[in-house]
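Novice: Have a look at this one.
The values are calculated or read from the model by the stated rules, or taken from the named source; none is laboratory data. All values reported here derive from a predicted model rather than from experimental measurement. Every residue, glycine among them, receives a Cβ derived from its backbone with ideal geometry; neighbour counts consider all protein chains shown. The accessibility values were calculated without ligands, DNA or RNA, using every heavy atom of the protein model including side chains. Shrake-Rupley method; radii C 1.70, N 1.55, O 1.52, S 1.80 Å.
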Amino acid sequence: MKTDCVIESNAIDFLVGEPDGKYDFIYIDPPYYCQRDFGQFDDRWSSVGEYAAMLKATFVESRRVLKEHGNICVHVDWHGAHHVRVALEEVFGEDNFRNEIVWCYSSGGASKRHFSRKHDNLFVYAKDGERCRFNLQREPYPRDYGDREGFHPDGRIMNDWWQIGILSTTAKERNGYPTQKPLELLERLLKSYTNEGDLVLDFFCGSGTTGEAAMRLNRRFVLVDKNPNACAIARQRTTRQSSLPFGD
């Protein structure tokens, strides 16, 4: 199968047809067990067991199609995070857990009955914890320390909680897909877990943010979604990006 492509398919049907050890990195932003119909896709389930079993089947195949240095990142929220992590642990093993990245953001809406839920959970597991790929990332210090000894010129080593803004309703990136994620988030993940030329898979690709981020960073990609409208948006995004100068 050629790479840098968008494929309309059910996730598990696609995965079972892929060869062993093909992909360097897998990122997925699957349904969250919200029990809502989003219009573009239906996130309603008869039980949490049905939801977890669906994802676990994809995790089994994901482990098989990853290269030995490969990692998988599964992006969920509070609705089903605990069930998803159990399923990942059963497939990849507790020794291959790498990180739970917490993406913190601010958005409208607040509760007077509990603390507002303003973060997502990104679980990262390696196929082989001893051989997995990881590129250290740095971020600016909270203030300028100049040339003081002990302070790295490129900033401090990044922690596992990331403050990245969600897409506002007027954001230039917006394409109308209800669960679209910011490019900055995907670019940071790809910089951390892939190198230039690596092959990235997203089999719940939605509007194709993973593909656009991959193209910006000179990675190859395969995007998969069963929603034909999602695939159309993803194709449009990646076709447009391929016509722009590198890095734009």
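Novice: Within region 101-124, name every residue whose backbone N is under 15 Å away from a label modeled 7 Å from Cα of residue 173 along the Cβ vector.
Specialist: Output list for this probe position: 103-107, 120.
Novice: Something else about it: Just name one of 134, 97, 121: the one whose Cα is farthest towards the positive end of the charge dipole of the chain (beta-carbon charges, Lys/Arg +1, Asp/Glu -1).
Specialist: 121
Novice: Turning to a different aspect of this structure: How about region 101-140: which chymotrypsin sites (Phe, Trp or Tyr not before Pro) there are in a DSSP loop, with at most 12 other Cβ atoms within 10 Å of their Cβ?
Specialist: Passing sites in region 101-140 are 115.
Novice: Let me know the shape class of region 123-248, please: from the alpha-carbon gyration tensor, a ≥ b ≥ c as square roots of the eigenvalues, rounded when a/c is under 1.5, otherwise prolate if a/b is greater than b/c, or oblate.
Specialist: It comes out prolate by the Cα gyration axes.
Novice: Hey, another quick one. Can you quote the Å³ per residue value for the convex hull of the Cα atoms in region 100-179, rounded to an integer?
Specialist: Enclosed volume per residue, from the Cα hull, is 204 Å³.
Novice: Additional query: What does the C-alpha gyration tensor say about the overall shape of region 68-141? Classify as rounded when a/c is under 1.5, otherwise prolate if a/b is larger than b/c, or oblate.
Specialist: It is oblate, given that a/c is not under 1.5 and a/b is not larger than b/c.
Novice: Hey, can you find the accessible area per residue of region 1-116 for me, probe 1.4 Å, expressed in square angstrom?
Specialist: Per residue, region 1-116 has 50 Å² of solvent-accessible surface.
Novice: Considering only the chain, what is the antiparallel percent among its DSSP beta bridges, to the nearest 5?
Specialist: For the chain, the DSSP antiparallel bridge percentage is about 50.
Novice: Leaving ligands, DNA and RNA out of it, report the carbon-plus-sulfur percent of the accessible area of region 154-248 at a 1.4 Å probe.
Specialist: The value for region 154-248 is 47 percent carbon and sulfur by accessible area.
Novice: Have a look at 74, 86, 224 and tell me which one the Gaussian network model of the chain (Cα, springs below 10 Å) gives the largest fluctuation.
Specialist: It is 86.
Novice: Tell me the label only: which of (1) 45, 18, 15; (2) 26, 22, 21; (3) 34, 20, 15 is semi-axes √(5λ) of the Cα gyration tensor in Å as calculated from this structure?
Specialist: (2)
Novice: For region 1-137, list log₁₀ I(q)/I(0) at each q in 0.11 Å⁻¹, using the Debye formula over Cα point scatterers of equal strength and ignoring solvent, two decimals each.
Specialist: Scattering profile of region 1-137, log10 relative to I(0): -0.45.
Novice: Less than 14 Å from a label point 7 Å out along the Cα-to-Cβ axis of residue 54: which backbone N atoms in region 190-211 qualify, by residue?
Specialist: Flagged as within label range: 204-206.
Novice: With every protein chain kept in place and ligands, DNA and RNA left out, what is the accessible area per residue of region 133-248? Probe 1.4 Å, answer in Å².
Specialist: With all protein chains present, region 133-248 gives 53 Å² per residue.
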